[in-house]
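To keep things clear, I will list the structure first and then write my remarks on it.
The values are calculated or read from the model by the stated rules, or taken from the named source; none is laboratory data. Just so it is clear, the model here is predicted, and its values are computed rather than measured. As a convention, Cβ positions derive from the backbone with ideal geometry for all residues, glycine included, and neighbour counts pool all protein chains shown. We work out accessible area using only protein heavy atoms, side chains counted, and drop any ligands, DNA or RNA first. Shrake-Rupley method; radii C 1.70, N 1.55, O 1.52, S 1.80 Å.
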Amino acid sequence: MKFFVDTAEVEQIAELNALGMVDGVTTNPSLIVKSGRDIISVTREICSIVSGPVSAEVTATEAEAMIAEGRKLGEIADNIAVKVPLTWDGLKACKSLRDAGFMVNVTLCFSANQALLAAKAGASFISPFVGRLDDINLDGMALIEDIRIIFDNYGFQTEILAASIRTVNHVLDCARIGADVMTAPPAVIRSLANHPLTDKGLAAFLADIEKTGQKIL
Ligand code: E4P
């Protein structure tokens, strides 16, 4: 499963990227605003750090305007995936931008039927939002499972990019189900390393060696 990092914070992206943890990046208008940066310049900087796909989202709502914005975003770098919302206009923009050779990530997906439409429109990625479904007491992970079954049934090449990932258990479930990609905030990716028995075991090992006074260096 590929790891995308869901942020526009350049330093955090660079730190995780240096560890080989970043296969791509996702941003959205809210994350751009949170970074305090201009969308074009921050996206360009992210693309200079990460070689994998970097999603940059349009803000227009009509197809023609989305296509124009998508072309401008797509010209920032070769690894841009233009992000469009899962609306009818977004699907039109997806088809047109894909025909023009751009990668497209269709976002704000909350049903398997929406994912099916995105795949038929040629999306490079479909982004089902797990956490936001869980927020309203629906089963976000069941959506990932449904899309996996449907895409496998018909051999769709669109990659399932599990988004709105909030917990380490979300990451584990995505990997079990076979999501192609999961995108999570840097803190969630870092917390995958945590286990209380690791901390406990390390403390015991260090206490034992300290008693002997032995040093490696
Ligand atoms: C990814 O593409 C989305 O922008 C992101 O995962 C949304 O996450 P949130 O629901 O935690 O805001």
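A few points about this structure:
- Among (1) touching a Pro at 6+ places or on another chain (Cβ under 8 Å); (2) closer than 23 Å to residue 38 by Cβ, the one test that residue 76 misses: (1)
- For region 104-135, filtering for residues that are in contact with a Pro (Cβ under 6 Å, 6 or more places away or on another chain) and open to solvent by 10 Å² or more (accessible area, probe 1.4 Å) leaves 1.
- Candidates in region 178-191 are the residues that are under 16 Å from the mean Cα position of the chain (by Cα) and part of a helix (DSSP H, G or I); of these, the one that is surrounded by the fewest Cβ atoms within 10 Å (Cβ to Cβ) is 187.
- Complete set of residues in region 1-54 that are within 24 Å of residue 178 (Cα to Cα), of a type in the set (S, T, N, Q) and surrounded by fewer than 18 Cβ atoms within 10 Å (Cβ to Cβ): 51
- For first residues located in region 128-142 and at positive phi, partners that are more than 10 Å from the ligand (Cβ to nearest atom) and among the aromatic types (Phe, Trp, Tyr) and lie 6+ apart or on another chain with Cβ distances below 7 Å do not occur.
To keep it simple, each residue is scored yes or no on (1) within 13 Å of the ligand (Cβ to nearest atom); (2) in a loop (DSSP other than H, G, I, E, B); (3) basic (Lys, Arg); (4) more than 28 Å from residue 48 (Cα to Cα).
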| residue | (1), (2), (3), (4) |
| --- | --- |
| 77 | no, yes, no, no |
| 83 | yes, no, yes, no |
| 94 | no, no, no, no |
| 113 | no, no, no, yes |
| 118 | no, no, no, yes |
| 147 | no, no, no, yes |
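- Set 194, 169, 153: member being outside any helix (DSSP H, G or I) and either touching a residue at least 24 places away in the same chain (Cβ under 8 Å) or surrounded by fewer than 18 Cβ atoms within 10 Å (Cβ to Cβ) (or both): 194
- Hey, residue 142 part of a helix (DSSP H, G or I) and modelled with pLDDT of 95 or more or not: yes
- Scanning region 154-173 for residues that are over 18 Å from residue 86 (Cα atoms) and within 12 Å of the ligand (Cβ to nearest atom) yields 165, 166, 167, 170.
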